[in-house]
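Report on the structure given below.
The values are calculated or read from the model by the stated rules, or taken from the named source; none is laboratory data. Being a predicted model, the structure only gives us computed values, none of them experimental. Note that each Cβ is placed from the backbone with ideal geometry, even for glycine, and that neighbours are counted across all protein chains shown. Quick note on the areas: whole protein, heavy atoms, side chains included, nothing else; ligands and nucleic acids left out. Shrake-Rupley method; radii C 1.70, N 1.55, O 1.52, S 1.80 Å.
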Amino acid sequence: MTEHNMALAQLEPGEKAIIEFKDVNKWYGDFHVLKNIDFSIKKGERIVVCGPSGSGKSTMTRCINRLEEHQRGSIIVDGIEMNDNLKNIEAIRKDVGMVFQHFNLFPHLTILENLTLAPIWVRKMPKKEAEEMAMHYLERVKIANQANKFPGQLSGGQQQRVAIARGLCMKPRIMLFDEPTSALDPEMIKEVLDVMIQLADEGMTMVCVTHEMGFAKTVADRVVFMDAGEIVEANEPHEFFENPQHDRTQLFLSQILNH
Amino acid sequence: MAKIFQPSPSLPPPVNSVGAVAWVRQNLLSSPLNIFLTLFSFYVLYLLIPPVVEWGVVNATFGGESKAACTAGGACWAFIGVYFEQFMYGLYPAEETWRINLALILLVVLIAMFAVKAVNKLYLSIGIIAVYPVVAYFLFAGGVFGLEIVETSLWGGLFLTTLLGVVGIVASFPLGVLLALGRQSSMPIAKSVCIVFIETIRAVPLITILFMASVMIPLFLPDGMNFNKLMRVLIGITLFSAAYMAEVIRGGLQAIPKGQYEAADAMGLTYWQSMILVILPQALKLVIPGIVNTFIGLFKDTTLVYIVGMFDLLGRIQAATHDSNWLGTTIEGYAFAGFIYWAACFGMSRYSMTIERKLETGHKRN
C-alpha cells in the first residue's frame, strides 16, 4: 500500500463512504489483476479512473456492482457488503447504474422499452409511470423524439445517451461509466460528455473509467491512476496533472497529452 | 467568409439497372457460363415436365372402384380418392371424424384471433397452450359429454402424423430451451444432468427410442401400470427432439454478446428475468432457421412410428397399396404422401421466414 492511497482512504470524521474497497485482490486464473486496492469514495464524489490498458481499471469498476468477483478483501457499497449472497448483489445493482463502452442496449427492444424494462421488472413500477419517467430522462439526454425507434437505427452517440438515460431510470445513487466514449466517433464524444457533465453538476456519485483528460480536468473531484493492478496515484485533478508524484504517472501523462 | 458546404443532390439510378429486362440480364444472362447454364436448365425442364404432366394429368384416371378402372396408362388417382378418408383419419370411425375437423377448425380460429387487436394476447396464448390441448384430447378420445370413446389404436393417417408433429414440436421446444439454459448454467449438477441427457439422446437413433418406448418400457413396468402406447411414443419423440432443439438454442445463446448478459445483470434483473426478457428473445430469433429445421426433421421422423405398429399417413398409404384391388398403385401413393409432406414442410419454412422478417428490428446488433 502506498502512502498516497493511505491518505486517500481516510475520510473526515463523521463522513461516510458510499463505496469502500478494503485490501481488494482479484485473479484471473494465475494473473493477479487487482492488487491490494484500498480506496474510498464519498457520496457525491466524481472519480475518474485512468491508466494504460490491462491496468485493471475496468475490472476495479466492475467489482463495484459485482460484474466481476473479487477473491480477497472486502467491498462495501452503500452500506452493503459484497459477497456471494444474491440478495445483496441484487440490492446493490438496483442502486448502481452502469454505462458500458459498447452501450449494450437491447437490440430487440425499442428505446422506450430499453428504459422501462428494469423499472417495471425490478422496481415493480406500473408501466405507465415507468414510461413517463423514461420520457423525462430521454428528454434530459435530448433524444425523446427517438423513443419508438430501435437501438440499431441510432448513431453511436445517441445510443450511448440512451444507455445513460437507461441507467438513470433506476434512480441509482451511483453511476459507473466504463470507457463510455471509447467506441464513439470523434464528432459524437462531445454530446455524451455533455450529458455526463450535466449529471456531475447535479451531484451524482460517479466512477468513470475514461481517457478523456479534458473531462477529468473539468469534472473530477479526484483522478485515480492505475497500472499493473495497483492504484499508483490518486489526487485532485489540478495536482494530478500539474504535479504528478510518480514517474509512472508522468510517463503516462506525457504519452496521452502530447500526441 | 467560410465556404458553405452543400451536399450534391442524389440522382436516379441508370435506366438499364432496373426493370424486367435488367432482371433477366443480371440473373440469367450475365456471363457466357450463365447463358449456358440457363439454356441447359431449360433443356432439362423440357425433358422432365412433359412426361410428368402426361402421366399425372393427361393420361390419369380420377374415378373408379379398382385398379382395373385405370386403363389410360397414366396415374391412377382413383386409388387416392377411394382411400382418402383413411389417409386422413386412419381407422377413426367415419361418423366421428367431425370431432377431428372441429378440433382443427378450433385451432385455426384461435390462432387467427392473434390478428384481432381487441383480444388479450396473453390470455389467448394461455388458452392455446393450456386449455386447447385438453379440449382437443377429449374431442379425439371421447368419453365425456356423451362422446363415443375412440381407442388411440384407431387413430391414424394424416391426423396421427399432425398430432405427433404438433405435440412433439410444442412440447420439445420449451424442454429444449430449459436443456440449453441448463447446459450453459454455472450450477454443476444442473449442467451435468443436461449434458448427459442431451448427449445420450443424441447418440441413439429415434427408432431405438421408439422401440424402447413401445416394447421395453411395458416390460419393466409392474402389471396393471401401463399407459397408452401413443403417449409413450409421444414422450419418446419429444425427448428426442428436445435434445436436438437444445443444441440449436445453445448455439443462439452463445452468439449473444457478453455485454447483453452484463447489461441485464447490472440492472438488477434476476437470472430468469434476464433470460426471458433479454437473452432468449434475441437468441431464439437468431436460430429460427435451425429451430424450424429441427421441427421439419421431427415432422418427417414421425413416419418412423410405423415401426411400432402405428399407422400414420405413410403407414396408411403403404397398407392401402397392399389392397388386392389396388395392386400397382405404389407410385401414386408415394407421390401423394410426398406432396402432403412437401406442402407441410414448405409451409413451415415459409412461415418461419415471415416470422424472421417480422422480428427484424433494424440494422446489425451491437
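Has segment A:111-129 got at least one residue that is closer than 30 Å to A:I37 by Cα and within 8 Å of chain B (Cβ to nearest Cβ)?
No, because not a single residue in segment A:111-129 is closer than 30 Å to A:I37 by Cα and within 8 Å of chain B (Cβ to nearest Cβ).
Would you confirm whether any residue within segment B:227-237 is of a type in the set (K, R), modelled with pLDDT of 90 or more and crowded, with 19+ Cβ neighbours inside 10 Å?
No - not one qualifying residue is present in segment B:227-237.
hydroxyl-bearing (S, T, Y) and closer than 30 Å to B:A141 by Cα: does that describe B:Y92?
yes
Right, B:E54: open to solvent by 70 Å² or more (accessible area, probe 1.4 Å), under 23 Å from B:T161 (Cβ atoms), assigned to a helix (DSSP H, G or I) and not small (G, A, S) or not?
The answer is no for B:E54.
For segment A:61-70, state whether one or more residues are more than 30 Å from A:T218 (Cβ to Cβ), within 14 Å of chain B (Cβ to nearest Cβ) and out of contact with any strand residue (DSSP E or B) (no Cβ under 8 Å at 6 or more places or on another chain).
Yes, segment A:61-70 has at least one match.
Which residues, counting only those in segment B:153-182, are buried (at least 18 other Cβ atoms within 10 Å of the Cβ) and β-branched (V, I, T)?
Selection gives B:T161, B:T162, B:V167, B:I169, B:V177.
Considering only strands (runs of 3 or more DSSP E) fully contained in segment A:37-124, which possess at least 2 residues that are modelled with pLDDT of 90 or more, surrounded by fewer than 21 Cβ atoms within 10 Å (Cβ to Cβ) and out of contact with any helix residue (DSSP H, G or I) (no Cβ under 7 Å at 6 or more places or on another chain)?
A:72-77
Among (1) in a helix (DSSP H, G or I); (2) open to solvent by 40 Å² or more (accessible area, probe 1.4 Å); (3) not acidic (D, E), there is one condition B:V204 misses while meeting the rest; what is its number?
The single condition B:V204 does not satisfy is (1).
State the number of residues belonging to segment A:92-105 that are at negative phi and within 7 Å of chain B (Cβ to nearest Cβ).
5
Quick one: which of B:L48, B:L39 is over 30 Å from B:H322 (Cα atoms) and free of Cβ contacts under 8 Å to residues at least 60 places away in the same chain?
Testing whether each residue is over 30 Å from B:H322 (Cα atoms) and free of Cβ contacts under 8 Å to residues at least 60 places away in the same chain leaves just B:L39.
Being farther than 26 Å from B:V308 by Cβ and polar (S, T, N, Q) is the filter; apply it to segment B:183-201 and report the residue that is surrounded by the most Cβ atoms within 10 Å (Cβ to Cβ).
Residue satisfying both the conditions and the ranking: B:Q184.
One residue is enough: does segment B:351-363 have a residue meeting the conditions exposed (fewer than 15 other Cβ atoms within 10 Å of the Cβ), within 14 Å of another protein chain (Cβ to nearest Cβ) and touching a Phe, Trp or Tyr at 6+ places or on another chain (Cβ under 9 Å)?
yes
Filter segment B:71-118 down to the residues that are among the aliphatic types (A, V, I, L, M), open to solvent by 10 Å² or more (accessible area, probe 1.4 Å) and not in a helix (DSSP H, G or I) and list them by number.
Of everything in segment B:71-118, those that are among the aliphatic types (A, V, I, L, M), open to solvent by 10 Å² or more (accessible area, probe 1.4 Å) and not in a helix (DSSP H, G or I) turn out to be B:A72, B:L91, B:V116, B:A118.
How many residues are surrounded by 20 or more Cβ atoms within 10 Å (Cβ to Cβ) and within 14 Å of chain A (Cβ to nearest Cβ) if we restrict to segment B:238-261?
Matching residues across segment B:238-261 total 2.
Taking B:P218, is it within 14 Å of chain A (Cβ to nearest Cβ) and assigned to a helix (DSSP H, G or I)?
No: the conditions fail for B:P218.
Any residue that is open to solvent by 20 Å² or more (accessible area, probe 1.4 Å), closer than 19 Å to B:D265 by Cβ and within 14 Å of another protein chain (Cβ to nearest Cβ) - is there at least one of those in segment A:178-185?
For segment A:178-185, residues open to solvent by 20 Å² or more (accessible area, probe 1.4 Å), closer than 19 Å to B:D265 by Cβ and within 14 Å of another protein chain (Cβ to nearest Cβ): present.
Filter segment A:131-164 down to the residues that are charged (D, E, K, R) and part of a loop (DSSP other than H, G, I, E, B), then identify the one that is farthest from the other protein chains (Cβ to nearest Cβ).
The selected residue is A:K142.
Pick from B:L37, B:L48: which is surrounded by 12 or more Cβ atoms within 10 Å (Cβ to Cβ), modelled with pLDDT of 90 or more and either assigned to a helix (DSSP H, G or I) or touching a Pro at 6+ places or on another chain (Cβ under 9 Å) (or both)?
The unique qualifying residue is B:L37.
Could you grab me the full set of residues in segment A:202-259 that are buried (at least 16 other Cβ atoms within 10 Å of the Cβ) and among the basic types (K, R)?
Those that are buried (at least 16 other Cβ atoms within 10 Å of the Cβ) and among the basic types (K, R): A:R222, A:R248.
Based on what the data block shows, is A:I89 within 11 Å of chain B (Cβ to nearest Cβ) and without any contact (Cβ under 8 Å) to a residue 40 or more places away in the chain?
Answer is yes for this residue.
Given the conditions (1) open to solvent by less than 10 Å² (accessible area, probe 1.4 Å); (2) within 18 Å of A:I92 (Cβ to Cβ), and given that A:R166 satisfies all but one, which numbered condition is not satisfied?
Result: A:R166 passes all but (1).
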